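Here is the structure we will look at.
The values are calculated or read from the model by the stated rules, or taken from the named source; none is laboratory data. Everything numeric in this text was worked out from a predicted model, so none of it was measured. Here the Cβ positions follow ideal geometry from the backbone for every residue, glycine too, while neighbour counts run over all protein chains shown. Only protein heavy atoms, including side chains, enter the accessible area calculation; ligands, DNA and RNA are left aside. Shrake-Rupley method; radii C 1.70, N 1.55, O 1.52, S 1.80 Å.
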Amino acid sequence: MSSDDSNNISPISRDADAVACSPSSTAVTYSDNPSPSSLPTVAPDPLSWPPDGKLCLEWIQHLMSVFEWSSRNLAPSAFPSVFPVPVFDALVLTASKILHKEPNCLQINIPDSDSTVVVVGDLHGQLHDLLFLLQDAGFPAQNRIFVFNGDYVDRGAWGLETFLLLLAWKVFMPHRVFLLRGNHESKYCTSTYGFEKEVLAKYGDKGKHVYRKCLGCFEGLPLASIIAERVYTAHGGLFRSISVTPSKRSKGKKNRRINLIPEANALCLGSLEELSKARRSVLDPPWEGLNLIPGDVLWSDPSMKPGLSPNKERGIGLLWGPDCTEEFLKKFKLKGLPVKTCTVVATCKCGDYKSHEGPDAREKRPGLGGMDEGYTIDHDVESGKLITVFSAPDYPQFQ
C-alpha cells in the first residue's frame, strides 16, 4: 500500500455507543427487507427443521425472532421449548459438514466491484449486538459478504444463540458467510469462561450432548481467510514456521517410520503453505510440539517491539512487531481492499485484520490503542495496515 492511501479510514458518522442494542418494545414483522428495523414482542412459534433440510430467508428471520423473544422472556431452562434438541442436532450436523470441508485458510473471492465485505470481530455471546450489526450492515447477500473472526461464545449470556444463528446463516449462504475460529472455540476456554455452564443451564439433562456437539463443530472452523487475494484475516494473527528435520530411522521391522524433530532455530514467520497443512481439528491447540501453528493463529498478539517472540503473558502463541507485519504482507503480496468493519462501521483499505483483544487486554498493552471505537490500527507499514476489530461493546458481560 502506498503513502497515497494515508486517509483510508473513513468511519460512518454515528456514535460508537450506538452499537449497544438496548431493549425495545416495538413490535416487528420481519420481511424480505434485509434490514429489520425493530424487535418482536409476541411469542413466536417454536422452531422446526425444514422437511427438505434446506434453509430459507424466512426460516432465518423466524430464528432471529425466536432468539430475540426468548432471550428477554424465557428462563434459560425453557430454551428447548423454542429450539428443541432435534432442531439443534440437524443444524449443527448440516453446518459441520460444510465447515469441515473448508480449508484452513479460506480464499474469499469478491463477485464484483460493488460488493461489500463485512468483517466482524469478537461477539462473546452478545446476541442483541449481533442482531444490531446485521440490521445496521444489512443481511448477507450476493453482494454482501460476512467474515466473522471468531470468539462467538463465553463471557456473555447468549453464546449458544449467537453461535447457532451464525451457523444458520452459514448453512443458508455458505459462499457469503464465513466463520473463522477464535481461541474461545476450545474446550479449555468454554469450560472456564461460561459457555459450558450456559449450555448445561439451557438444555439440562441434554446439555452434555449439546455441548459435545458444539465442540465437534468448533473443530471444523477454518483458521484464517484471505479476501480477494489481498486481505489476511485471523482471530489472533501471524504464526511461526515449523521447520523439521528427520531423525535416525528406527530399527526393527515393526517401526520403520522416520520420526521428525523440530529444528532449534530462531523464530521466523510461517508460510501460507504451512498454514494450509496445519492440523486444525484439535480442541485445545498445543503450546509445544510440531503443530504450533493453530495456537499461534488463535492466540498471538501484535506488539510495537520488532521481531517475533513467545507470548509469555498468555503462555501460548507469539508477539509480533511492525517489521513482521510488513514482511508478511510483502512476502505474500497482500496489499489492501475496501472492507467494511463492524462496530464503528468504517470503510478502509488494509492488509491484515485480527480480533482477540478487548478493552481489558488493551489496557495492559503499552503503545497500542484502546478499543473505545471498536477497532484500532496497530501497525501502519509500507505494504498495508494491521487492524484489530472487536465487536462486543458490552464486554465482558460476565467475568
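Table: residues versus (1) within 21 Å of VAL297 (Cα to Cα); (2) touching a strand residue (DSSP E or B) at 6+ places or on another chain (Cβ under 8 Å); (3) free of Cβ contacts under 8 Å to residues at least 60 places away in the same chain.
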site: ASN143; (1), (2), (3): no, yes, yes
site: PHE163; (1), (2), (3): yes, no, yes
site: LYS197; (1), (2), (3): no, no, yes
site: TYR203; (1), (2), (3): no, no, no
Please tell me if LYS335 is touching a Lys or Arg at 6+ places or on another chain (Cβ under 8 Å), surrounded by fewer than 20 Cβ atoms within 10 Å (Cβ to Cβ) and at pLDDT below 90.
yes
Buried (at least 20 other Cβ atoms within 10 Å of the Cβ), more than 27 Å from GLY295 (Cα to Cα) and either out of contact with any Pro (no Cβ under 9 Å at 6 or more places or on another chain) or small (Gly, Ala, Ser) (or both): is that true of LEU164 in this structure?
no
Taking only the range 90-109 into account, find how many residues are more than 16 Å from the chain's Cα centre (by Cα) and open to solvent by 50 Å² or more (accessible area, probe 1.4 Å).
4
Looking at the structure I just gave you, is PHE139 modelled with pLDDT of 95 or more, part of a strand (DSSP E or B), of a type in the set (Phe, Trp, Tyr) and buried (at least 22 other Cβ atoms within 10 Å of the Cβ)?
no
Among (1) surrounded by fewer than 19 Cβ atoms within 10 Å (Cβ to Cβ); (2) modelled with pLDDT of 95 or more; (3) closer than 24 Å to PRO222 by Cβ - the single one SER115 does not satisfy:
(2)
Here are the criteria: (1) buried (at least 24 other Cβ atoms within 10 Å of the Cβ); (2) within 16 Å of LEU93 (Cα to Cα); (3) in contact with a His (Cβ under 9 Å, 6 or more places away or on another chain). Tell me which single one GLY220 does not satisfy.
(1)
The range 142-194, subset touching a Ser or Thr at 6+ places or on another chain (Cβ under 7 Å) and in a helix (DSSP H, G or I), residue farthest from ILE60 (Cα to Cα)
GLU161
Which pairs do you get when a residue that is more than 15 Å from GLY150 (Cα to Cα), found in the range 290-301, comes within reach of a residue that is of a type in the set (Gly, Ala, Ser), reach meaning Cβ atoms under 8 angstrom, with the pair 6+ apart or on two chains?
ASN291/ALA278; ILE293/GLY270; ILE293/ALA278
Could you check, for the range 176-191, whether at least one of its residues is open to solvent by 30 Å² or more (accessible area, probe 1.4 Å) and hydroxyl-bearing (Ser, Thr, Tyr)?
yes
Quick one: in the range 246-278, which of the residues that are out of contact with any helix residue (DSSP H, G or I) (no Cβ under 7 Å at 6 or more places or on another chain), among the charged types (D, E, K, R) and at pLDDT 80 or above is surrounded by the fewest Cβ atoms within 10 Å (Cβ to Cβ)?
GLU273
